[in-house]
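To start, the structure itself, in structure tokens.
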Amino acid sequence: MNPNTLIDLACGMPKAELHVHIEGTLEPELAFALARRNGQTLPYADEAALKAAYDFDSLQSFLDLYYACADVLRTADDFRDLMLAYLERAAADNVIHTEIFFDPQTHTARGIPFLTVLDGLEAGLREGKARWGISGRLILCFLRHLSEEEAFATLAEAEPYIDRIDGFGLDSSEKGNPPSKFERVFARCRALGKPVVAHAGEEGPPAYISEALDLLGSARIDHGVRALEDAAVVARLVREGVPLTVCPLSNIRLCVFEEMNQHTLGKLLADGAKVTLNSDDPAYFGGYLNDNLRAVQSAFNFDAATWYRLARNSFEASFATEAEKAGWIARLDAYFRAAGHPLG
Ligand code: HPA
Ligand code: ZN
């Protein structure tokens, strides 16, 4: 099959996205529109000047800008508009289910009530479902550069609305903030009956992946791309079928790898790891999910069976019900059959 046909096949696949930060979907145009609406001024002359600042050399250099831009998010309508803008783009990439991270501490620290954030994001999810049929869930992330005590305070704020939260995660500055710091917080999250995930092995060492599994009970590993530095960690991920939510363009833009052809995702897949592809912070990293697929295909030239496996992994690794997963996988199978690739 020629590569053009294969990338069209991949872009057209129904799929799930399991690693996207809603604050990371804030496009410069929307940032300026919200700033105007809220009577704020951004420390950049215009959208082009803001975009020019997207020149990162590490996770921290990105996070500094990401937290600064989030300051334009003030009202429930701001969060709703942000969610809708993301869902429209995701739906255009044939994402039919998405599990979305949000960082309440970024907002509550600025005096925005937790409920304003949650109400706005949920309103966006409801409207997105009605407009594009896309299904979405919310994963509350704790900022790991903050303390355990602050994470517990955020969890206490979230608990009255626990039925509206689908899981918990851990993000922000990885180096020096190991999963062990949040062992007790995550024990409480699990006691509330929620699945948990953690960023690990993005900039941090493979030992953080082991900690996320052993100490936090992480059901997936967000990134995990440094696993290959420890063969025992890779063997465990494969043996236990732990999903990895890999974000290729993010890893290039944050200098985890120099070039896409040096990315470990090909080797992880070949070793049998349950890799999924995701966009992470698409407004900042050069593209949404299908942009990631195009960049991966240019470097790896995957065959139809590999694309099928990646899409199937995205559904299997989701926190949806078994019935939802079965329905989506049947759609995926039908899509491949219709394209002349009966892979299901
Ligand atoms: N890593 C850690 N924290 C984050 C990221 C990321 O890629 N994106 C948003 N917060
Ligand atoms: Zn992330």
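The values are calculated or read from the model by the stated rules, or taken from the named source; none is laboratory data. Note that the structure is predicted; figures quoted are calculated from it, not measured. Cβ coordinates were reconstructed from backbone atoms using ideal geometry, including for glycine residues, and neighbour counts include every protein chain displayed.
A compact table of results
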{"read-out": "Qualifying residue in segment 227-242 (condition: within 16 Å of ligand 2 (Cβ to nearest atom), farther than 14 Å from A207 by Cα and touching a strand residue (DSSP E or B) at 6+ places or on another chain (Cβ under 7 Å))", "value": "no"}
{"read-out": "Scan of segment 93-114 for residues that are within 15 Å of ligand 1 (Cβ to nearest atom) and under 30 Å from I329 (Cβ atoms), ordered by number", "value": "E99, I100, F101, F102"}
{"read-out": "Test for T41: is it among the hydroxyl-bearing types (S, T, Y) and farther than 30 Å from P342 by Cβ", "value": "yes"}
{"read-out": "Close pairs (6 angstrom Cβ cut-off, 6 or more residues apart or separate chains): at pLDDT 95 or above in segment 259-286, among the charged types (D, E, K, R) anywhere", "value": "N278/E17; A283/E27; F285/R253"}
{"read-out": "Answer residue from segment 1-59, given it is surrounded by fewer than 19 Cβ atoms within 10 Å (Cβ to Cβ) and β-branched (V, I, T) and is farthest from ligand 1 (Cβ to nearest atom) among those", "value": "T5"}
{"read-out": "Residue match in segment 31-50 (condition: closer than 27 Å to L146 by Cβ and in contact (Cβ under 8 Å) with a residue 60 or more places away in the chain)", "value": "no"}
{"read-out": "Residue in segment 7-14 that is in contact with a strand residue (DSSP E or B) (Cβ under 6 Å, 6 or more places away or on another chain) and farther than 23 Å from D171 by Cα present", "value": "yes"}
{"read-out": "Scan of segment 237-276 for residues that are among the charged types (D, E, K, R) and either surrounded by fewer than 17 Cβ atoms within 10 Å (Cβ to Cβ) or within 16 Å of ligand 1 (Cβ to nearest atom) (or both), ordered by number", "value": "R239, E240, R253, E258, E259, K267, D271"}
